[in-house]
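The values are calculated or read from the model by the stated rules, or taken from the named source; none is laboratory data. These figures come from a predicted structure and were not determined experimentally. Cβ coordinates were reconstructed from backbone atoms using ideal geometry, including for glycine residues, and neighbour counts include every protein chain displayed. Just the protein is used for accessible areas: all its heavy atoms, side chains included, with ligands, DNA and RNA removed. Shrake-Rupley method; radii C 1.70, N 1.55, O 1.52, S 1.80 Å.
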Amino acid sequence: STSTKPLRGAFILFEGGDRCGKTTQSESLVKHLHSKGVDAELWKFPDRQTAIGQMINAYLQGKTETDDAAVHLLFSANRWEKRDAMLAALSAGRTLVVDRYAYSGAAFTAAKGVPGLDLAWCKAPDSNLPAPDATIFLSITPEAAAKRGGYGSERYEKEEMQKGVARKFEQLKDATWHSVDASMSVEAVEAEVRRIADAALRSCEDGRPVQYLWL
Ligand code: FDM
């Protein structure tokens, strides 16, 4: 008997600081992929729906205080609890467009400058999670981001914090990384994003296996 293995989906990640346009661009990419007949879904981390996600949500909204190391591990656990579903979706041929992931996890905690919680410590708990096939980093200066109608009221939405996060992202660049100038028009950013996504989809069609962090 003959069996054809279904092509796996691509894992396309959006990362960036606050107000860089991640939400607009990730939603637009999913619509674009759907219009081309690609099975694609938008995921977002933290996933605030789960029990762990609700603890993270309360922390981000300032309703609870949690030790910095403990909350870092909650963000990581919130990815681990989605790991099996993520791998199942990819191997069923579904492309996942993901808004934030382990790079945000490491960059935000490391930016706090808490002794002991350096980048290596921050990366460790996410080791062996599925890795993105392409990471689209929407690059914008914290000053330009602040001009886009100002930051919101959640815990990390402060210019000083965002500057530290930008420096940490810089140190997390890897082979999956594509930096896109997010100060361009929405349409110009969309065009870049589609080009990167198309290349990622093609690499999966060509048999690229799922990769794992942080190899
Ligand atoms: N954030 C996000 C972290 O600190 N660690 C993580 O692992 C992730 C995924 O949570 F300030 C931060 C980044 C941001 C906040 O993100 C919530 P959204 O995208 O604004 O919901």
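Which whole-number percent of Cα pairs in the chain have a distance greater than 22 Å?
Details: 11442 of 23005 pairs.
When all Cα pairs of the chain are counted, 50 percent exceed 22 Å.
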**Prompt:** Build a GNM of the chain with springs between Cα atoms under 10 Å: which of A40, A197, A51 gets the top mean-square fluctuation?
**Reply:** A51
**Asked** How would you order 7-15, 71-79, 54-62 from highest to lowest mean count of nearby Cβ atoms within 10 Å?
**Response** 7-15, 71-79, 54-62
**Item:** Where labels lie 7 Å past Cα in the beta-carbon direction, separation of T50 and T23 in nm
**Value:** 2.2
**Item:** Rounded to 5, percent antiparallel among DSSP beta bridges of the chain
**Value:** 10
**Asked** How large is the charge dipole for region 124-215, taken about the Cα centre, if only the Cβ atoms of Lys, Arg (+1) and Asp, Glu (-1) carry charge, to the nearest 20 debye?
**Response** 200
**Prompt:** Rounded, prolate or oblate: which fits region 93-198 when a ≥ b ≥ c are the square roots of the eigenvalues of the alpha-carbon gyration tensor, with rounded for a/c under 1.5 and prolate only if a/b beats b/c?
**Reply:** oblate
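Tell me the GluC sites (Glu not before Pro) within region 48-148 that lie in a loop according to DSSP and have at most 12 other beta-carbon atoms within 10 Å. All intermediate terms of the calculation are to be shown ahead of the outcome.
Values: sites: E65, E81, E143; in loops: E65, E81.
For GluC sites (Glu not before Pro) across region 48-148 that sit outside H, G, I, E and B with at most 12 neighbouring Cβ atoms in 10 Å, the list reads E65.
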**Prompt:** Given N residues in region 5-80, what is Rg(Cα) / (2.2 N^0.38 Å)?
**Reply:** 1.37
**Fill in**
Checking rank on 184-192, 113-121, 42-50, with mean other Cβ inside 10 Å and highest first, the result is 42-50, 184-192, 113-121
**Contour minus Cα-Cα distance for A69 and S185 (0.36 nm per residue)** = 38.0 nm
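Which shape class applies to region 116-177: rounded if a/c is under 1.5, otherwise prolate when a/b exceeds b/c and oblate if not, where a ≥ b ≥ c are the square roots of the Cα gyration tensor eigenvalues? Working shown, then result.
Details: a/c = 2.28, a/b = 1.57, b/c = 1.45.
The shape class here is prolate.
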**Prompt:** Given region 64-134 reduced to its alpha-carbon atoms as identical point scatterers, what log10 I(q)/I(0) does the Debye formula return at q = 0.26 Å⁻¹?
**Reply:** -1.21
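What's the magnitude of the charge dipole for the chain around its Cα centre, counting Lys and Arg as +1 and Asp and Glu as -1 at the beta-carbon? Answer in Debye, nearest 20.
Values: 28 positive and 29 negative charges, 45 e Å.
Result for the chain is approximately 220 debye, rounded to the nearest 20.
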**Asked** DSSP H helices in the chain with Cα extent of 15 Å or more along the helix axis and mean Kyte-Doolittle hydropathy at least 0.0?
**Response** 68-80, 186-205
**Item:** Alpha carbon centroid spacing (whole Å) that separates region 55-71 from region 179-215
**Value:** 32
**Item:** Computed label-point distance, nm, for sites A58 and E170 using a 7 Å Cα→Cβ extension
**Value:** 3.7
**Item:** Accessible area expressed per residue, the chain, with surrounding protein chains retained (probe 1.4 Å, Å²)
**Value:** 49
**Request:** Keeping to pairs on different chains or 8 or more places apart, tell me how many lysine pairs in region 1-135 have Cα atoms under 29 Å apart.
**Result:** 25
**Request:** Return the carbon/sulfur percentage of the accessible area of region 1-122, one whole number, probe 1.4 Å, all protein chains in place.
**Result:** 54
